[in-house]
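The values are calculated or read from the model by the stated rules, or taken from the named source; none is laboratory data. Source: prediction; values computed, not measured. Cβ coordinates were reconstructed from backbone atoms using ideal geometry, including for glycine residues, and neighbour counts include every protein chain displayed.
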Amino acid sequence: MSFFNFPLAPPSASNIAQQYDFVFYALVALSVFFTLVVCAGAIFFAVRYKAGTKADRSRPMYENLPLEMTWTIIPLILGLIMFYFGTALFVKIKTPPKDCEEIYVIGKQWMWHMQHANGVRENNTLHVPLGRPIKLTMISQDVLHAFYIPAFRVQMGVVPGRYTQLWFTATQTGEYHIFCNMYCGTQHSEMGGKVVVMDPKDYAAWLANGGQSTTPMSMEQTGAKIYAKMHCDNCHGAEDTLHAPSLYGIYRKRRVFADGTSLIADDEYLRDSIVKPYDHITAGYGQTMPVYQSQVSEEDLLNLVAYIKVIGSPSANPPTSNVNRHSAPTAVSSTNEATSLAANAVQANTADPDATPTRRVGAPAVGAIAAEGRNR
Amino acid sequence: MSAITNSPDHGHGHGHDSALHHQFEDIGQQNESYIVGMWVFLSTEVMFFGALFFIYTLYRWNYQQDFYIAHEHLNVIMGAVNTTVLLFSSFTMVMAVQSAQLKKRGHVIGYLLMTIACACVFLIIKYFEYSSKLADHLYPGAGFATDAQAAFGEHAIEAGKVAVNMNHAQLFYSLYFGMTGLHAVHIIAGILVIGALIRLWFNNAKSVTLDFVPTEMVGLYWHFVDLVWIFLFPLFYLMPKPH
Amino acid sequence: MSSTVISPGELKPKPPAEEPNYLNVNHTISSWLLTGDHKRIALLYLVSTSFFFFLGSIAAGLIRYELTSPAGVVLESDTYNKVFTSHGVIMVFTFLVVAIPAIFGNFLVPLMIGARDLAFPRLNLASWYMYMTGGTLILAGMVFGGVDTGWTFYTPYSSMYSNTQVSMVIIGIFIAGFSTITTGINFVVTIHKMRAPGMTWFRLPLFIWAMYATSLMMILATPVVAITLMLVVYERTFKLPIFSPELGGDPVLFQHLFWFYSHPAVYIMILPAFAVVSELIANFSRKRIFGYHFVAFSSLAIAGLGFLVWGHHMFVSSQSMYESIVFSLISFLVAVPSAIKIFNWMATMYKGNVHLQSPMIYAIAFLMIFTVGGLTGLFLGAAGTDVHLTATYFVVAHFHYVMVGGTMLAFLGALHYWWPKMTGRMFSDGIARVNAVIVFVGFNLTFFPQFIVGWLGMPRRYHYYYFAPEFQAYHIMSTLGASVLGLGFILPAFYLTQSLFTGKKASANPWGAHGLEWETSSPPPTSNFLETPIVMDEVYDFDPVSEHARDLRNLQEAEEWKKAHDGMDNLPEEDN
């Protein structure tokens, strides 16, 4: 539901959400009604009985037991009715059915680690099948967290030292936010992720495949992820800047250094520039780059170098599944067809590398995920 | 508001009766206010200690066996002596209050001194108890004992295996030191207050000689401190063996 | 014949000597810092709580500014976390719990019951020093590194993981807590023992009933949070296992103990606001409060039931389902007394003579805003709906509606209403009324969007929300509203301060109100009353018909005066 592109309600994507929304909107109606009664009443009395106006002030009332009882009992009854509905909803939320599929969740500062029953693991993303009851058994490795999926209307604290549970049945495919909803320190607000609801067939295929998309990431793609995670793009942009030279197309080109010497930029040079940047400082720059010696593993270096070799060219787009939390902020991507998630996610993006992966033509400007859930 | 403001002037002529403070109409109102005030303050102390008693109850309920074994290192004799000492100090306090009512200055000072003496004996015995715990590494914190047998002897062994969870034992000792420590802080505060009271009596200060209620207020506080110990002692020292 | 030359200047008549009152009786610093006079202590609290409120507002402004962008604007996450923690700690512990009881309670309780002072004036002064010591320690903690645990200090983050100034700030809160406890003791004893002759319980102003209920909660609840927070300090210092799961402790136990105080604490914050609103509505409607007994007992009911609902903050904490259901039921019960009050206040206005001066504008705004705040509490008290809404901006909006829209509006209403009594000066009511509307509009613009963004799922205490940029529009709306609200809070500082210098001197009863405090001069003498009053009737003994006649007379006189003075606006004071 949205109002001129402003979303007014989260997507309703679980069996609980439907019952929930009934209780919620009943409470909204009740609140609007009583708010109007009080506001209208107060303003009406303030105007009608304003000092000096002609109004009947004879036989004023100071006590009236029937009236008092009325406006005690009626709110009490209405409240108890809402209590009943709220409790029924709560009992349903807290009572998982016997045949749930189990998934395990470990929360820690500052990420979620999911483990499916057959051993498939994933971080910050939870793939689930449509239409089947899922039970999450959760525990924290350090401080209190909370696992919250607004679209499903479920939330549960994740406590160190004991297991807690949460269950739902997803009723719509798509991707929905996961938030950590118990303050847990510095990166509390970055400890989010997404639930990916898939058709049961696709989910089975995904699960059987060890939880990977059918095409594993290439070295360039892995390198691009690391590049973004380490914020290399903060300084190295498409053009040369005050801070750093552009890396676009530097592979196999001659690089001129501040001391007048020069080298051809080969793999060795690229690796050295990351771990020992002051050995060869590009002309026009000083000692501004941080030294990444011992901060990057050799495996990461291989992937980074592979990426830098092709940076700026069409084959270098990062994949959009498993969006890295530490990359530059963009809206979480979504694709048109849910079925394409597992198999075609990478292809969909490399097919059109210049498209910003977060928007589709004609889509609402905001609320990519929320609108996604609605557009089914 | 139809208030008639022509009552006779009460509040300004009591220079001779300087125990009366200016905000009160007469000494009766003042005394009642002080007593009610002290009882209200004691109710806050009940809530203060009450939270700790609640925590203790919860953990003891969950870890009955471990708490039982952990408590066996406590010295029941010393605890019992302390209980007797404090009960006696409450008696001397009552006598002090009665002497204040009878305006017997010498007796008041004597009984108050005996109360302080009992309190000091209590603290000295506590010192020995605490030292013994420290020596056996039974104080909570990073240095807590890890060897159950060394700490608790054969009580810790059952069917050949160590039967006590040292983490829970540490929990027990955290509560032991926390609660008896807080209690000891209240004893020390009591000693200071009683000392101040003795000094006032010694100097014949009108605030305590003209009216016995200040002395009674200190007495109320002291009885409360005693009462807390009456609860602490059986809870920590006299645990029944769990099944 | 000798003549003495006198220059014309010496012939000026001497101004009448100012009556001695509690303000001018002594001007030295030590007469203020060592005072036992409850009225001076109230002013000391006014200055210090305003200072803390100002600091808390700066933190609020930073939060709102930072939230205009999904990826933050100027702060790192660590700093942001410290900023929202300090906003919470300062506002809750040094302002909301303290302000109305310590300022208006201290000033008015003896006056309203006809006493010369509180029962224990020296304890009252000690209470202020404890507050200042605690507040200073809290600020020192903020300056020397800050705290980033949130004002709720949940374990094990606060006891084992956070490496910020947790201990210092907690010790500050502990000391400030004793200020609350001693104020509560003082009020309870004073109200029981020092009422003037004829002032029976059911003739007391409802302000006193609500202050009494507040004091009971202060006394019984604050020690629990004091010891609980101290345990966190012990755990940090000595590595104790009380809340540590690896060593057998229970982190959720902290939450039970913390909320056992903190839920009554929110009633400690709102009951004094109810106290003020009762006074404002009765006096500005020139009518007895409707259903006096119901309003009086509802305060006690809220105090009692308020101790039994703490678990509604813990529905998703791993508390058992049955515990949650019980807490939810009692939460619905505790909503009823507040509803009773709202209806009684509205019925008071019915057939009254409503004077829409600035305190009344605040009171009517309170009725409307508090109703929304209270009703949104039902969403959170129903365990099922709470599962989705807890720890989101819906909760933030709810508690700001009741705390800012409730307590703060009542605070401003009280400040304006009793300002002439406390300072002896009148301020310009025209500006004050406009300011009240600014506050009302700014407040709703700030916090209503937060209900929506919370319902959408935005968690609270979030610095970044870049994977949900759909929330941004609401945050921008909220920040714009906050600028307006900020204006509404700053303006009174100016026009009220200015009135101290240029405001008209106030008579004993500039509003035409009823109450013993209006029977003595403005400002009152140090001993409050020249002679002990004797009370013959309930305080709100207005007669609406004769009040109406008087209003007509005043209006007619005002018209005639305007005609005679060509419509100038400087009307003489009404006949009250």
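Here are the criteria: (1) at the interface with another protein chain (Cβ under 7 Å from one of its Cβ atoms); (2) assigned to a helix (DSSP H, G or I); (3) under 21 Å from C:A275 (Cβ atoms). Tell me which single one C:L329 does not satisfy.
Going through the list (1) at the interface with another protein chain (Cβ under 7 Å from one of its Cβ atoms); (2) assigned to a helix (DSSP H, G or I); (3) under 21 Å from C:A275 (Cβ atoms), C:L329 breaks only (3).
Give the number of residues within region C:434-493 that are more than 9 Å from every other protein chain (Cβ to nearest Cβ), surrounded by fewer than 21 Cβ atoms within 10 Å (Cβ to Cβ), under 30 Å from A:A17 (Cα atoms) and polar (S, T, N, Q).
Residues meeting the conditions: 1.
Results for (1) buried (at least 24 other Cβ atoms within 10 Å of the Cβ); (2) of a type in the set (F, W, Y); (3) assigned to a loop (DSSP other than H, G, I, E, B), shown as yes or no for each residue.
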site	(1), (2), (3)
C:W345	yes, yes, no
C:G352	yes, no, yes
C:F379	yes, yes, no
C:D386	yes, no, no
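Tell me the residue from B:A142, B:A205 that is closer than 28 Å to B:Q98 by Cα and either of a type outside the set (V, I, T) or without any contact (Cβ under 8 Å) to a residue 12 or more places away in the chain (or both), please.
B:A205
Answer yes or no: is there a residue in region A:129-139 that is buried (at least 21 other Cβ atoms within 10 Å of the Cβ), in contact with a strand residue (DSSP E or B) (Cβ under 7 Å, 6 or more places away or on another chain) and within 14 Å of chain C (Cβ to nearest Cβ).
Yes, because at least one residue in region A:129-139 is buried (at least 21 other Cβ atoms within 10 Å of the Cβ), in contact with a strand residue (DSSP E or B) (Cβ under 7 Å, 6 or more places away or on another chain) and within 14 Å of chain C (Cβ to nearest Cβ).
Table: residues versus (1) buried (at least 24 other Cβ atoms within 10 Å of the Cβ); (2) modelled with pLDDT under 95.
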residue: C:N24; (1), (2): no, yes
residue: C:T28; (1), (2): no, yes
residue: C:A42; (1), (2): no, no
residue: C:S69; (1), (2): no, yes
residue: C:E76; (1), (2): no, yes
residue: C:T85; (1), (2): yes, no
residue: C:L96; (1), (2): yes, no
residue: C:F107; (1), (2): yes, no
residue: C:F120; (1), (2): no, no
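Those residues that are more than 21 Å from the chain's Cα centre (by Cα) and of a type in the set (F, W, Y), I need them from region C:467-521; list them, please.
Once the filter is applied, which keeps residues that are more than 21 Å from the chain's Cα centre (by Cα) and of a type in the set (F, W, Y), region C:467-521 yields C:F467, C:F471, C:Y474, C:F501, C:W511, C:W518.
Do you know which of the residues in region C:186-200 that are assigned to a helix (DSSP H, G or I) and in contact (Cβ under 8 Å) with a residue 12 or more places away in the chain is surrounded by the most Cβ atoms within 10 Å (Cβ to Cβ)?
Selected residue: C:T190.
Exactly one of these conditions fails for A:R57: (1) facing chain C (nearest Cβ under 8 Å); (2) surrounded by fewer than 18 Cβ atoms within 10 Å (Cβ to Cβ); (3) not hydrophobic (A, V, I, L, M, F, W, C). Give me its number.
Status for A:R57: all satisfied but (2).
In region C:39-77, how many are part of a helix (DSSP H, G or I), touching a residue at least 60 places away in the same chain (Cβ under 8 Å) and within 14 Å of chain A (Cβ to nearest Cβ)?
Total meeting the criteria: 2.
If C:L375 satisfies every condition in (1) more than 18 Å from the chain's Cα centre (by Cα); (2) at the interface with chain A (Cβ under 10 Å from one of its Cβ atoms); (3) touching a residue at least 24 places away in the same chain (Cβ under 8 Å) but one, which is the exception?
(3)
What number of residues within region A:161-200 are more than 7 Å from chain C (Cβ to nearest Cβ), assigned to a loop (DSSP other than H, G, I, E, B) and at positive phi?
Here the count works out to 0.
For every residue, the table says whether it meets (1) under 30 Å from A:D142 (Cα atoms); (2) in a helix (DSSP H, G or I); (3) more than 14 Å from chain A (Cβ to nearest Cβ).
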position: C:F207; (1), (2), (3): no, yes, yes
position: C:A210; (1), (2), (3): no, yes, yes
position: C:S215; (1), (2), (3): no, yes, yes
position: C:L220; (1), (2), (3): no, yes, yes
position: C:P223; (1), (2), (3): yes, yes, yes
position: C:T228; (1), (2), (3): yes, yes, yes
position: C:I242; (1), (2), (3): yes, no, no
position: C:E246; (1), (2), (3): yes, yes, no
position: C:L253; (1), (2), (3): yes, yes, no
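Could you figure out which of (1) assigned to a helix (DSSP H, G or I); (2) within 14 Å of chain A (Cβ to nearest Cβ) isn't true of C:D537?
Failed condition: (1).
Only residues in region A:13-31 that are within 11 Å of chain C (Cβ to nearest Cβ) and more than 21 Å from A:E175 (Cα to Cα) count as the first member; pair them with residues that are of a type in the set (V, I, T) and part of a helix (DSSP H, G or I), Cβ under 7 angstrom, at least 6 apart or cross-chain, and list the lot.
A:V23/C:T385; A:F24/C:T385; A:L27/C:T385; A:S31/C:T376
Applying the selection to region C:297-326, what residues are within 11 Å of chain A (Cβ to nearest Cβ), assigned to a helix (DSSP H, G or I), of a type in the set (A, V, I, L, M, F, W, C) and within 25 Å of C:T392 (Cβ to Cβ)?
C:M321, C:I325, C:V326
Here are some residues: A:D266, A:D199, A:D279, A:D259. Which one is within 34 Å of the chain's Cα centre (by Cα) and acidic (D, E)?
A:D199
Does region A:32-54 hold any residues that are within 7 Å of another protein chain (Cβ to nearest Cβ) and more than 27 Å from C:M477 (Cβ to Cβ), and which are they?
Within region A:32-54, A:G41, A:F45, A:A46, A:Y49, A:K50, A:A51, A:G52 qualify.
Exactly one condition in (1) within 14 Å of chain B (Cβ to nearest Cβ); (2) not in a loop (DSSP other than H, G, I, E, B) is not met by C:G36; state its number.
With (1) within 14 Å of chain B (Cβ to nearest Cβ); (2) not in a loop (DSSP other than H, G, I, E, B) applied to C:G36, the lone miss is (2).
Which one is surrounded by the fewest Cβ atoms within 10 Å (Cβ to Cβ) among residues in region A:76-92 that are at the interface with chain C (Cβ under 7 Å from one of its Cβ atoms), of a type outside the set (A, V, I, L, M, F, W, C) and free of Cβ contacts under 8 Å to residues at least 12 places away in the same chain?
So, considering only residues that are at the interface with chain C (Cβ under 7 Å from one of its Cβ atoms), of a type outside the set (A, V, I, L, M, F, W, C) and free of Cβ contacts under 8 Å to residues at least 12 places away in the same chain, the one surrounded by the fewest Cβ atoms within 10 Å (Cβ to Cβ) is A:T87.
Looking only at region A:93-114, decide whether some residue is among the hydroxyl-bearing types (S, T, Y), surrounded by fewer than 16 Cβ atoms within 10 Å (Cβ to Cβ), more than 7 Å from every other protein chain (Cβ to nearest Cβ) and closer than 25 Å to C:M314 by Cβ.
Yes, because at least one residue in region A:93-114 is among the hydroxyl-bearing types (S, T, Y), surrounded by fewer than 16 Cβ atoms within 10 Å (Cβ to Cβ), more than 7 Å from every other protein chain (Cβ to nearest Cβ) and closer than 25 Å to C:M314 by Cβ.
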